[in-house]
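Please read the structure below before turning to the comments.
The values are calculated or read from the model by the stated rules, or taken from the named source; none is laboratory data. Nothing here was measured: the structure is a model prediction, and the numbers come from that model. Ideal geometry is used to build each Cβ from the backbone, glycine not excepted, and the neighbour counts take in all protein chains shown. Side chains are part of the model used for accessible areas, which takes the heavy atoms of the whole protein and leaves out ligands, DNA and RNA. Shrake-Rupley method; radii C 1.70, N 1.55, O 1.52, S 1.80 Å.
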Amino acid sequence: MTGFRRLASQFPVAYFLLMTAAQKASPTGVAAPAAAAEHETILIVDFGSQVTQLIARRVREEGVYSEIVPFQKAAEAFATMKPKAVILSGGPESVHEAGSPRAPQAIFDSGVPVLGICYGQMTMAAQLGGTVEGGHHREFGRADVEVKSSSHLFEMDWRVGEKHQVWMSHGDRITKMPPGFEVAGTSPNAPFAIIQDEKRKYYGLMFHPEVVHTPDGAKLIRNFVRKVAGLQGDWTMRAFRESAIEKIRAQVGKGRVICGLSGGVDSAVAAVLIHEAIGDQLTCVFVDHGLLRLNEAETVVDMFRNHYNIPLVHVDASKQFLSELAGVTDPEAKRKTIGRLFIDVFDAEAKKIGGAEFLAQGTLYPDVIESVSFTGGPSVTIKSHHNVGGLPARMNMKLVEPLRELFKDEVRVLGRELGLPDVFVGRHPFPGPGLAIRCPGEITVEKLDILRKADAIYIDEIRKAGLYDTIWQAFAVLLPVKTVGVMGDGRTYDFVCGLRAVTSTDGMTADFYPFDMTFLGAVATRIINEVKGVNRVVYDVTSKPPGTIEWE
């Protein structure tokens, strides 16, 4: 994300202004990108699953553009996009209950291949003449599916009689097959675990192939995309780069653009891409709020001024931010304070520059789709932490968001395509509020200095061990407690430093990285010896559900 978006994404600033404009421009209500008209496209109808994003990622891994839309807008999106195939996602509802979501009938009338996953399988079965009931054995977690018949969905990957591990998450089941379908796979609690109508190219899976817990799931999606739908895959980053540059030039013309630069991957890639398109019509604004990592400001300024020669305004607003954060201990109050101040400072700098009509942001596709309430169901609450901030009406600027079609991993690929150094493109995510949410309790200059040094040592040791690229995100936390310790012949009363390192494929859920004790011991020794103010180090070994990868 850009500095503006990355900060605003983590504060409850009104998102309504931004999304209202996007919804007016798009029949899907999700600001559909223009890519659908230029590439082979698969439409993903979202029924509220927490992992719908993973379906899109798996499809894009096959070089095919995919777009997610809520089921309420699917009919309009299907008519507009004219996709080559459709995937129906899972969801928290029960098909047999009155008022439960349905897929547009136009999809089934069109003749395009359809893959239904979990709830998507059940609504497809119900809509095509089958029966779905509740009250049967539930099935959650790992299960074995036995292959009962051959299928284009399996090809040579799965053979009749074999059993394969999958990830189930259902409490309902199909009790009567729709006409034309056959059973292709069963599990102990799902006699219709896999159903198919190969003549019409309809397939239904009661399990989730998109998650890593279904080891062969990516193969099933690949077979649906390539062999069932017959798509060749024309979604390449080089083609995206060329197309994005043309769109930026067409949108901006001779106008001026300002970009909030945070130093993170998203803002850096957006800035370099826009600069390639329009040159010095772009000015970047880097707001240093005093909550950055060690030497972060110097690194950002050096890269963009000296290596890329991009016009850059560096604003040191650290005193203002730290002054207003003094005495604030509530995590949400911190976020609101930082978000408000950031927008104020950015807006003031934009006025000083003058003449800028456009604001560039590193909005990503997950920012867009997760900020729209698709079903009103449980996933809305879970995903609410992702909601992106709005653009204050007083700024009166048009948005340039060249990355809004991309996922995080795709942004990294684009960054390499643009020539950004790998050490920068591969950086771990850094939150908009910065060290404020890695320093629970009151923020002080002393505590920030301690945290910066400890964090730098931790990351340095991870890099030396060759583990940085294996870990999704790692960081130190200065806990709001002090303990008595003994150093040499004297007692100390200093802070406890917490360490977190997580692995993740999507940033939605995460598990702790299993460091060996030798590594942790070496890190702890360095921090205690080199960072005055810390006398104890602990490592967090809890797994993280959606939205809780950060500390506060």
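A few notes on this one:
- Qualifying position, being touching a residue at least 60 places away in the same chain (Cβ under 8 Å) and open to solvent by less than 10 Å² (accessible area, probe 1.4 Å), among Ile353, Ile338: Ile338
- Meets criteria (on the phi > 0 side of the Ramachandran plot and either modelled with pLDDT under 90 or crowded, with 20+ Cβ neighbours inside 10 Å (or both)) for Gly264: no
- Pairs meeting the criteria (first residue in the range 430-450 and farther than 25 Å from Asp266 by Cα, second residue of a type in the set (Asp, Glu), beta carbons under 7 Å, at least 6 apart or on different chains) are Pro440/Glu552.
- Segments classed as strands (runs of 3 or more DSSP E), wholly inside the range 164-218, with at least 1 members that are among the aromatic types (Phe, Trp, Tyr), farther than 26 Å from Val64 by Cα and touching a Lys or Arg at 6+ places or on another chain (Cβ under 6 Å): none
- So Val425, is it buried (at least 19 other Cβ atoms within 10 Å of the Cβ) and either over 18 Å from Val300 (Cβ atoms) or at pLDDT 85 or above (or both): yes
Residues checked against (1) within 18 Å of Tyr119 (Cβ to Cβ); (2) open to solvent by 60 Å² or more (accessible area, probe 1.4 Å); (3) in a loop (DSSP other than H, G, I, E, B); (4) of a type in the set (Lys, Arg):
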| position | (1), (2), (3), (4) |
| --- | --- |
| Gly63 | no, no, yes, no |
| Glu67 | no, no, no, no |
| Gln72 | yes, yes, no, no |
| Glu76 | no, yes, no, no |
| Gly90 | yes, no, yes, no |
| Glu93 | yes, yes, yes, no |
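- Residue in the range 485-494 that is modelled with pLDDT under 95, open to solvent by less than 50 Å² (accessible area, probe 1.4 Å) and within 13 Å of His428 (Cβ to Cβ) present: no
- Any hit, the range 143-151, residues being closer than 18 Å to Arg58 by Cα and outside any loop (DSSP other than H, G, I, E, B): no
- Selection from the range 298-311 of residues that are open to solvent by 10 Å² or more (accessible area, probe 1.4 Å) and either aliphatic (A, V, I, L, M) or in contact with a Ser or Thr (Cβ under 8 Å, 6 or more places away or on another chain) (or both): Val301, Met303, Pro311
- Residues (in a loop (DSSP other than H, G, I, E, B) and on the phi < 0 side of the Ramachandran plot) located in the range 431-464: Pro431, Gly432, Pro433, Cys439, Pro440, Glu442, Ile443, Thr444
- Test: residue in the range 203-211 that is surrounded by fewer than 18 Cβ atoms within 10 Å (Cβ to Cβ) and not acidic (Asp, Glu): no
- Taken over the range 95-120, the residue count meeting the criterion of being of a type in the set (Gly, Ala, Ser), more than 27 Å from the chain's Cα centre (by Cα) and not in a loop (DSSP other than H, G, I, E, B) is 2.
- When restricted to residues that are open to solvent by less than 20 Å² (accessible area, probe 1.4 Å), farther than 12 Å from Asp266 by Cα and either among the hydroxyl-bearing types (Ser, Thr, Tyr) or at pLDDT 90 or above (or both), the range 393-417 contains 1.
- The range 148-164: number of residues that are closer than 26 Å to Thr52 by Cβ, modelled with pLDDT of 90 or more and touching a strand residue (DSSP E or B) at 6+ places or on another chain (Cβ under 6 Å): 3
- Hits in the range 314-341 - residues which are in contact with a helix residue (DSSP H, G or I) (Cβ under 6 Å, 6 or more places away or on another chain) and not in a helix (DSSP H, G or I): His314, Val315, Ala317, Val328
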